[in-house]
Amino acid sequence: MEFKSSFLLIEDNLIDQLVIKQLLKKVLYVDPVFIANNGKEGLQWLIDNSKYHKPLIILLDIQMPVMNGFEFLNEYNKLSIEFKKDIQVYVLSSTLDPDEIIEINKNKAVFKLLSKPFPIEEFRETFCINTKAS
Amino acid sequence: MHKLNVFKKIRFPNVFVLILIVFISCALLICINFFTIKILSANRAYVNGESHYSKAQKDASRHLISYLYTADPNQWKLYTEELKVPQGDGIARKTLLKAGDNEIARQGFLAGRNHKDDLDDVIWLFVHFKNVSFLAKAIHEWEQGDLLIDQFFIIGTQIHAKIQHKALSESDQKNFLSRINKISGQLNINERNFSNTLGEGTRKIKNLLIIMNIFFILMIVLSVCSYYSIMVKRLTISKKETEVKNENLLLANHELDRFVYSASHDLRSPITSLKGLIKITQLEDDISQIKDYLELMHKSLVKQDQFISDIIDYSKNKRKQIVMEPVSLKELFEESISQLMHIENATKITFTKELLVDQIESDGLRLRIIISNLLSNAIKYADNSKQEMFISIKTYFDENAHKIEVTDNGIGIKDEFKDNIFEMYFGTNKNKGSGLGLYIVKEAVENIKGEISVSSQSTIGSKFIVTIPTAYGI
């Protein structure tokens with residue numbers, strides 16, 4: 001199967017960037033994957049490019065310098081509904097802090113919380129069910 | 001806090017003083033009551049003795065008068081018997097005045113029909129208080145009485161002699177009678193004065209006793225009250241202290257929780273990276289690509305190793321006592337540089353050293369943490385795009401303090417981040433550091449009561465200056 005969606009990866013860790021990019025490429029044949037090194041870059045990319053790349057899936061890390069995942073989500077929630085149409089946010093984090101997990105799940109912009117390392121099979125399944133249902 | 005300490009120092013003696021006051025008051029109260037009761041009892045005995053004295057004297061004069069008119073030898077016998085009572089008292093008084101307490105005085109009092117159980121009190125009062133005004137007055141009256149008794153005795157002897165020789169005329173009888181009546185009248189006055197004086201003294205003592213009792217009881221009540229109020233105050237203070245401590249403890253626990261979660265996240269992230277790398281390695285067939293992945297795995301592990309040693313430094317810095325010892329800055333720098341050479345690009349950097357100060361007195365562990373972290377930052381954030389990368393180390397003495405300067409021409413710090421670089425977990429690039437390094441440096445510098453300052457320009461380079469006080473600990 002082929003993905004029609006584009007992918008934006010917001011992640012500061014270079015190794016994780018490489019790993020996620022390779023997994024998407026090898027398992028789901030997604031290429032290219034757009035990469036932003038922190039929330040601020042991600043937001044800028046959205047404003048500049050999102051309209052050309054819909055539907056869009058965002059993979060968002062939480063702990064990042066400059067603008068972290070939570071700050072990104074706050075800014076993202078302020079954007080118009082029209083702008084956010086056909087955009088899905090997956091949070092990708094290795095956190096074990098229960099407070100943080102609750103905060104992520106509470107955020108209405110977050111479609112699903114995935115824990116690192118990027119669980120590609122789980123992601124594919126939820127994605128398929130989701131696309132079939134819609 | 002300082003005020004509280006002063007209060008603590010004062011309040012301990014306070015309580016002891018109060019307890020002492022209560023104790024002394026009680027002891028005094030017991031003593032005063034004991035002696036007052038003794039005095040009052042002795043006074044009662046004296047009044048009692050006086051009544052025997054005066055009754056016997058009156059009986060004696062009655063018998064003498066009968067004898068004067070009837071010449072009945074029986075009356076004479078009764079007279080001499082009754083007269084022994086005031087005479088015994090007189091002997092006791094004279095003996096006590098001259099020799100103090102002895103058997104003769106006691107015999108005298110017994111002859112005076114005093115009860116033998118009263119003797120101790122009676123003699124004690126006489127011996128110790130004979131100069132006190134009311135008793136001295138009473139003794140004076142007693143002495144006057146005794147003198148009259150002597151005269152009375154002489155008259156009795158004269159009457160007895162006349163009757164024995166049958167030379168008693170009617171005029172003699174009249175003459176004797178008037179003399180007896182005169183002496184009796186005077187004795188009456190003396191006896192009344194004696195009783196009145198003692199009674200007056202007794203009343204005075206009683207009033208004094210009441211006042212003393214009230215005074216000491218008030219003292220005790222007040223002391224106990226203030227003791228309790230101090231104890232209650234102390235309890236409230238210690239309760240408040242405990243509450244504050246509890247709150248601090250809760251806060252500390254919460255901070256510890258946050259630290260554990262943050263640390264576990266940072267410890268986990270290289271592992272999850274590693275897991276991801278293994279996954280993509282499994283999907284890869286190209287051997288050179290696999291080798292690249294292995295290199296990344298190695299990096300990931302190095303990063304985790306670095307993080308663990310940062311945490312260890314953090315904990316050592318927090319827990320270990322400051323130990324002042326001679327430290328060689330030169331050795332510390334050389335040691336740190338050789339340990340940091342494994343970092344990427346480290347070998348391409350030129351190190352220059354200008355050490356005007358080498359041996360100093362300070363804490364070796366903290367200095368090692370400071371120097372190692374500053375140098376590793378300078379190496380990690382070197383600017384690869386520059387032709388020549390350098391790190392320059394200087395030590396010198398200035399403004400009564402040792403200074404360490406680490407300067408580099410690396411990527412520098414953006415102005416917006418300068419305020420945050422010393423915060424815990426702050427980092428602009430978590431691929432390079434844990435976000436703990438400069439935080440630990442700052443804590444270490446504060447531990448040795450030093451200072452750290454930074455001047456930096458983005459893309460040009462950074463300079464960190466550490467000030468180590470020479471006279472630390474004053």
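Data overview
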| read-out | value |
| --- | --- |
| Stretchable slack from B:Leu301 to B:Asp415, in nm (0.36 nm times residue separation minus alpha-carbon distance) | 37.9 nm |
| Three-way shape call for the range A:6-133 based on the alpha-carbon gyration tensor, with the a/c threshold at 1.5 | rounded |
| Descending Cα extents along the principal axes, the range B:391-474, whole Å | 40, 25, 19 |
| Loop-resident sites, the range B:376-445, for GluC sites (Glu not before Pro), counting at most 16 other Cβ within 10 Å (DSSP) | B:Glu388, B:Glu399, B:Glu423 |
| Hypothetical label at B:His342: residues of the range B:379-403 whose amide nitrogen lies under 17 Å (7 Å Cα-Cβ projection) | B:379-380 |
| Under the span-like rule (Cα at least 18 Å along the axis, Kyte-Doolittle mean at least 0.0), DSSP H helices of chain B | B:2-70, B:133-164, B:364-380 |
| Average partner coverage of B:274-287, which counts Cβ from other chains inside 10 Å | 4 |
| Residues of the range B:306-341 with amide N under 16 Å of the 7 Å Cα→Cβ point at B:Phe397 | B:326-330 |
| Residue-span extension gain [B:Leu110 to B:Val323] - 0.36 nm each, minus C-alpha spacing | 67.8 nm |
| For the range B:2-232, fraction of C-alpha pairs farther apart than 31 Å, in % | 44 percent |
| Cα pair distances of chain B binned at 20 Å [whole percent] | 16, 24, 12, 9, 12, 14, 9, 3, 0 |
| The range B:329-379 - percent relative contact order, Cα under 8 Å, separation 6 or more | 62 percent |
| Length added when fully stretched, B:Val221-B:Glu170, from 0.36 nm per residue minus Cα-Cα | 10.8 nm |
| Span from the the range B:156-229 Cα centroid across to the the range B:310-362 one, whole angstrom | 103 Å |
| Footprinting exposure proxy for B:His128, B:His52 (fewest neighbouring C-beta atoms within 10 Å first) | B:His128, B:His52 |
| Cross-link pairs beyond the 28 Å C-alpha cut-off, checked among A:Lys116/B:Lys299; A:Lys106/B:Lys279; B:Lys77/B:Lys98 | A:Lys106/B:Lys279; B:Lys77/B:Lys98 |
| Rough spin-label spacing in nm, given labels placed 7 Å along Cα→Cβ, for B:Gln186 and B:Ile24 | 5.2 nm |
| Förster radius 35 Å - calculated FRET efficiency between B:Leu267 and A:Lys25, Cβ distance, rounded to 0.05 | 0.75 |
| Estimated translational D of the protein assembly as shown in µm²/s (Stokes, Kirkwood radius over Cα pairs; 25 °C; 0.890 mPa s) | 69 µm²/s |
| B:Asp419, A:Asp97 arranged by Cβ crowding within 10 Å, fewest neighbours leading | B:Asp419, A:Asp97 |
| B:Leu177 paired with B:Ile460, simple spin-label distance in nm, labels 7 Å along Cα-to-beta-carbon | 14.5 nm |
| Estimated inter-spin distance, B:Asp286 and A:Ile102, nm [label 7 Å along Cα→Cβ] | 4.7 nm |
| Mean Cα-pair separation over length for chain B, i.e. relative contact order, pairs under 8 Å, 6 or more apart, % | 11 percent |
| Efficiency of FRET between B:Val132 and B:Phe16 - r from beta-carbon atoms, R0 35 angstrom, step 0.05 | 0.40 |
| Packing-based exposure ordering (other Cβ within 10 Å, fewest first) of B:His254, B:His63 | B:His254, B:His63 |
| Cα-based equivalent ellipsoid, the range B:323-469: semi-axes from gyration tensor eigenvalues, Å | 23, 18, 14 |
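All of the numbers you see were taken from the coordinates with simple rules; none came from a lab. Keep in mind the model is a prediction, meaning the values are calculated, not measured. Here the Cβ is made from the backbone with ideal geometry for all residues, glycine too, and neighbour counts use every protein chain on show.
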